[in-house]
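Undergrad: This is the structure I have questions about; it appears just below.
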Number of protein chains: 2
Amino acid sequence: MIDPRVASGLRDLTPASAIPRERMLSRFRGVFSSFGFAPIETPHIERMDVLTGKGAGSDEVLRQIFEVTNKGGTPGELALRFDLTVPLARFVARHENELGFPFKRYAIGSVFRGERPAKGRFREFTQCDFDTIGSESALADAEIALVIHKALESAGVPDFTIAMNHRGILDGLLESLGLAGGGGAVLRALDRLAKVGREAVAAELVKDPGQGGADLSTEQAARVLDFAEQGRGGPEVLDRAAQTLGSSPQARAGLENLRAILDLIASAGVPSGRMSIDLGLARGLDYYTGIVFETTIKGWERYGSVASGGRYDNLASLFTTRRLPGVGASIGLDRLLALLEEAGRLIAGQVETPVLVGYFPGTQPTTPFHLAARLRAAGIGTEVYPEPISIGRQLAHGSSRGRLLGVIVGPDEEAQKTFNLRDLVSRREDRGLAWSVLEDSVASALEVIRLGGAGA
Amino acid sequence: MIDPRVASGLRDLTPASAIPRERMLSRFRGVFSSFGFAPIETPHIERMDVLTGKGAGSDEVLRQIFEVTNKGGTPGELALRFDLTVPLARFVARHENELGFPFKRYAIGSVFRGERPAKGRFREFTQCDFDTIGSESALADAEIALVIHKALESAGVPDFTIAMNHRGILDGLLESLGLAGGGGAVLRALDRLAKVGREAVAAELVKDPGQGGADLSTEQAARVLDFAEQGRGGPEVLDRAAQTLGSSPQARAGLENLRAILDLIASAGVPSGRMSIDLGLARGLDYYTGIVFETTIKGWERYGSVASGGRYDNLASLFTTRRLPGVGASIGLDRLLALLEEAGRLIAGQVETPVLVGYFPGTQPTTPFHLAARLRAAGIGTEVYPEPISIGRQLAHGSSRGRLLGVIVGPDEEAQKTFNLRDLVSRREDRGLAWSVLEDSVASALEVIRLGGAGA
């Protein structure tokens with residue numbers, strides 16, 4: 001016998017996980033499409049030189065690459081993609097003459113990193129990205145926030161905040177402290193503020209660069225931290241920042257950009273409490289060049305961001321001379337699913353198949369088959385248990401799979417062309433209903449159950 | 001600059017291909033779910049010993065395996081899956097105590113084979129499988145045919161035939177010729193009948209086994225060929241075969257099984273012309289142990305089968321001592337898409353996003369943003385062009401992406417809270433409509449366009 005376990009760091013998804021996951025992805029696809037984002041697909045296998053091009057991935061990510069070879073292939077030539085961004089850059093460069101810009105795409109797929117396996121960390125995981133490429137408009141930025149908002153709403157996320165910051169504002173701050181150009185260490189320290197607190201970050205800011213510090217004076221560190229900590233809230237934060245940094249052209253431009261984006265988002269009817277300015281938000285600011293987004297779920301902030309992104313100047317400079325600015329974000333599907341499960345917010349069972357047709361021994365098997373086909377033709381997902389076991393076990397099987405209703409026939413019902421209708425939750429049963437009202441009876445009973453339940 | 005092409009034998013899917021593909025998959029998922037098949041996911045990377053276990057793959061497939069290694073990993077330990085069947089067997093054995101049987105699953109995913117690249121042949125392609133495991137009932141067999149029927153109908157396939165045969169019938173025939181147990185070469189020869197014709201197959205049947213022949217006498221070959229050629233049609237074919245092979249218990253059982261399956265399929269309302277018996281159908285009969293299915297599209301038979309499958313005795317004998325009989329099929333997604341494209345049957349464009357909101361220079365960008373959000377909230381997919389280019393170019397961009405309607409505003413409309421509604425196909429335009437009737441006007445106009453068009 002061969003051991004049927006998956007390799008270390010990989011995992012199987014049984015229906016209990018795969019059903020809510022597929023449901024969530026299907027809603028995301030619907031949201032992406034409703035904004036005009038179109039799907040693309042790129043291979044899981046890329047050329048090694050594409051993945052390891054300068055700046056394509058961090059040193060850490062490059063160390064985790066899975067190499068791929070087949071008999072007759074050249075070792076070192078191919079590898080599994082570690083994200084969907086490098087493939088997007090390659091894709092856009094390759095097809096730049098047929099895509100038309102602005103180009104709005106989404107992509108959902110597995111990526112691979114040979115990380116040390118740990119709880120909740122997998123070597124294959126799903127990324128779910130959407131980007132608008134070839135536009136510098138604030139409309140494109142605002143739309144990314146709208147998509148995050150709509151996607152999380154569609155997934156039933158109870159309450160969340162989309163925090164925004166702008167690279168120009170932080171650049172202005174650094175410049176005002178005489179630190180223009182050397183802000184990487186400041187950003188890295190700031191990024192840990194929510195996690196480790198003010199004191200620890202202050203210590204890091206004043207540390208020697210040789211020790212990974214930012215080499216700030218105590219006073220500079222205090223100014224950075226005050227700015228970050230007082231920079232959380234609504235549009236009034238932008239007014240305050242304008243007073244502090246008004247002399248910096250890049251800060252002014254960034255503040256104006258954020259204001260325009262906030263207006264656009266509001267015009268689309270997003271409640272203002274959903275959006276927040278966070279001038280301490282520093283993640284990814286070494287990469288992004290304009291707005292940055294992070295999304296946390298209220299009461300679950302410790303999980304970190306479930307949807308992050310931002311604006312970049314030039315997506316595909318490794319592959320084409322054409323300058324391609326863009327803006328996009330990525331939803332952390334695995335994290336979001338884990339969180340909703342922990343919060344008891346995942347819709348269990350297969351709501352797409354609410355009915356089981358059960359039959360007593362002695363019934364012609366064509367009878368349940370016929371009734372099930374009629375229900376499916378009426379748009380009602382319906383299962384027939386394939387083996388002639390006891391009706392009780394058929395119904396128990398249905399319940400265990402999340403079916404809500406049993407349509408039950410036996411030889412008597414078959415002869416009289418009737419059926420019994422059992423609510424599998426309350427166990428209430430209506431008997432002797434005519435086949436002629438099958439679809440209507442089942443549809444009404446489902447409606448009643450769903451109105452009584454938590455809804456979907 | 002790094003070359004942005006994909007590696008040999010791989011491919012990118014631009015929206016023109018990815019949109020109809022995603023649409024088809026979404027319909028398939030709906031059909032699978034409506035029968036109670038649940039999704040599962042297994043990793044793209046499997047342990048090498050799982051993939052190369054005895055009988056897991058043919059020698060040819062095993063030669064094409066892509067090995068996977070990362071820094072610090074052991075070479076030869078991991079590989080990319082070459083199908084979804086071996087992972088299914090491993091999965092079912094691994095989770096046998098939590099799944100509950102019969103277990104109905106579907107899986108859609110990439111598989112990898114290092115084949116020599118050729119036109120229409122890719123090293124990464126998609127499989128789309130569904131199986132019922134742990135049941136020997138004819139209901140489970142018949143349901144697989146129903147799923148094929150519903151899935152192809154949902155994909156807009158114009159006219160197709162699901163052909164069926166049964167391993168027991170061919171075994172009975174071989175037995176009646178004194179060839180029981182040695183039928184592999186006969187099946188391989190028969191499998192080519194539609195392609196190469198009777199004479200070529202007859203020659204192969206009488207050839208020496210050393211030359212790959214079946215070593216039949218001329219008379220035996222003629223009987224096999226008569227049986228296969230006269231064995232195509234409706235249930236009457238089963239009656240004729242019963243007369244020829246009635247003395248063979250396995251043939252009798254196979255014929256009875258097929259008859260029961262045909263009755264079940266008919267009871268579900270499938271037109272009888274859609275199903276056909278084909279006693280010459282031999283593909284996969286060395287692997288399958290009961291019914292086998294093949295599906296061809298009328299007028300496109302040369303493409304071969306677009307959905308094939310059958311019943312097997314024991315899925316997971318490599319991984320568990322538990323006997324797991326099952327039945328399933330696989331839809332050839334890539335082939336089906338290629339065929340529908342060639343037949344002009346692919347629905348182009350992104351029907352999920354039928355509206356473009358365009359705006360004249362001088363309009364507040366919040367205005368189109370607001371109108372678009374209202375349409376989306378009403379369930380109407382809507383795009384806003386992000387840059388303030390000319391309205392003509394905005395509309396042209398929309399048309400190129402398959403948008404059907406333009407909602408147009410300028411500073412005047414903005415002041416009067418009105419909009420113009422342009423049919424992007426006929427170019428008819430209604431002017432000065434009030435914002436208060438936005439959703440209704442757009443919904444009615446879309447209805448009119450869709451009734452006039454080919455439909456979706």
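Computed from the coordinates by the stated procedures, all read-outs in this text should not be read as laboratory data. Only a predicted model underlies this, so the values are computations on that prediction, with no experimental measurement involved. Methodologically, a virtual Cβ is constructed for each residue, glycine included, from the backbone with ideal geometry; neighbour enumeration extends over all protein chains shown.
Undergrad: Net charge within 15 Å of residue B:34 by Cβ-Cβ distance, Lys/Arg positive one each and Asp/Glu negative one each, not counting residue B:34 itself?
TA: Value of the local net charge: +4.
Undergrad: What do you get for Rg/Rh over chain B if you use C-alpha atoms and the Kirkwood form of Rh?
TA: Radius of gyration over Kirkwood radius for chain B works out to 1.08.
Undergrad: Report, in debye and to the nearest 20, how large the dipole of the range B:303-456 comes out about its Cα centre when Lys and Arg carry +1 and Asp and Glu carry -1 on their Cβ.
TA: The calculated dipole for the range B:303-456 is roughly 520 debye.
Undergrad: Hey, what angle do you get for helix B:438-452 against the long axis of chain B, alpha-carbon based, 0 to 90 degrees rounded to 10?
TA: 50
Undergrad: For the range A:87-184, what class follows from the C-alpha gyration tensor (a ≥ b ≥ c being the square roots of its eigenvalues): rounded when a/c is under 1.5, otherwise prolate if a/b is larger than b/c, else oblate?
TA: Judged from the Cα gyration tensor, the range A:87-184 comes out rounded (a/c under 1.5).
Undergrad: Using r as the Cβ-Cβ distance of residue B:256 and residue B:223, and R0 as 35 Å, what FRET efficiency do you calculate, to the nearest 0.05?
TA: Here the calculated transfer efficiency is 0.95.
Undergrad: Measure off 7 Å from each Cα along the Cα-to-Cβ vector at residue B:74 and residue A:347, then give the distance between these two points in nanometres to one decimal.
TA: 4.5
Undergrad: Now, a different point. Counting Lys +1, Arg +1, Asp -1, Glu -1, what net charge surrounds residue B:190 among other residues with beta carbon under 15 Å of its beta carbon?
TA: Computed value for this residue: -1.
Undergrad: Given a Förster radius of 60 Å and the C-beta distance between residue B:239 and residue B:425 as r, what FRET efficiency does 1/(1 + (r/R0)^6) yield to the nearest 0.05?
TA: 0.65
Undergrad: How high is the relative contact order of chain A, given as a whole-number percent (alpha carbon pairs under 8 Å, six or more residues apart)?
TA: The value is 14 percent.
Undergrad: Quick one: angle between helix A:236-245 and the longest Cα principal axis of chain A, in degrees between 0 and 90, rounded to 10, please.
TA: Taking the Cα atoms of chain A, the angle to A:236-245 is about 20 degrees.
Undergrad: Distance in nm between label sites at residue B:323 and residue A:116, each 7 Å beyond Cα in the beta-carbon direction?
TA: 4.8
Undergrad: If you don't mind, another one. Give me B:441, B:436 ranked fewest to most by other Cβ atoms within 10 Å of their Cβ, as a rough exposure proxy.
TA: Starting with the residue having the fewest Cβ neighbours, the order is B:436, B:441.
Undergrad: Could you list, in their original order, any pairs among A:54/A:207; A:417/B:150; A:71/B:119; B:104/B:150; A:104/B:417; A:150/A:298 whose Cα atoms are separated by more than 19 Å?
TA: A:54/A:207; A:417/B:150; A:71/B:119; A:104/B:417
Undergrad: Can you list residues whose amide H is under 5 Å from residue B:357's amide H, if they're 5+ apart or on another chain and H is modeled 1.01 Å from N?
TA: Answer set, sorted by chain and number: B:383, B:384, B:385, B:407.
Undergrad: Of all the C-alpha pairs in the protein assembly as shown, what % are more than 41 Å from each other?
TA: Cα-Cα pairs of the protein assembly as shown separated by over 41 Å account for 45 percent.
Undergrad: Only Lys, Arg, Asp and Glu count, each charged at its Cβ (+1, +1, -1, -1), so figure out the dipole size of the range B:94-164 about its Cα centre, rounded to 20 debye.
TA: 520
Undergrad: Taking the Cα centre as origin and putting +1 on Lys and Arg beta-carbons and -1 on Asp and Glu beta-carbons, what dipole magnitude results for the range A:1-138, to the nearest 20 debye?
TA: 460
Undergrad: Rounded to the nearest 10 degrees, what's the angle between the helix B:333-342 long axis and the longest principal axis of chain B, both from Cα atoms, 0 to 90?
TA: Orientation of helix B:333-342: about 60 degrees from the principal axis.
Undergrad: So the label point sits 7 Å from Cα along the Cα-to-Cβ vector; using that for residue B:342, what distances do you get to the other copies, in nanometres, sorted shortest first?
TA: 5.2
Undergrad: While we're looking at this one, here's another question. Between residue B:314 and residue A:393, what FRET efficiency follows from the Cβ-Cβ distance if R0 is 25 Å, with the result rounded to 0.05?
TA: 0.60
Undergrad: If you take every residue apart from residue A:248 with its C-beta less than 13 Å away from the C-beta of residue A:248, what net charge results, scoring Lys and Arg +1 and Asp and Glu -1?
TA: Every neighbour counted, the sum reads -1.
Undergrad: With the crude spin-label approximation of a point 7 Å out along Cα→Cβ, what separation in nm comes out for residue A:247 versus residue B:451?
TA: In this crude label model, residue A:247 to residue B:451 measures out at 6.9 nm.
Undergrad: Further, regarding this structure: As a test of the formula, what do you get for the protein assembly as shown when each DSSP H run with n ≥ 4 contributes -39,500 (n - 2.57) and the sum is divided by the residue count, at 222 nm and rounded to the nearest 500 deg cm²/dmol?
TA: It comes out at -12000 deg cm²/dmol, rounded to the nearest 500.
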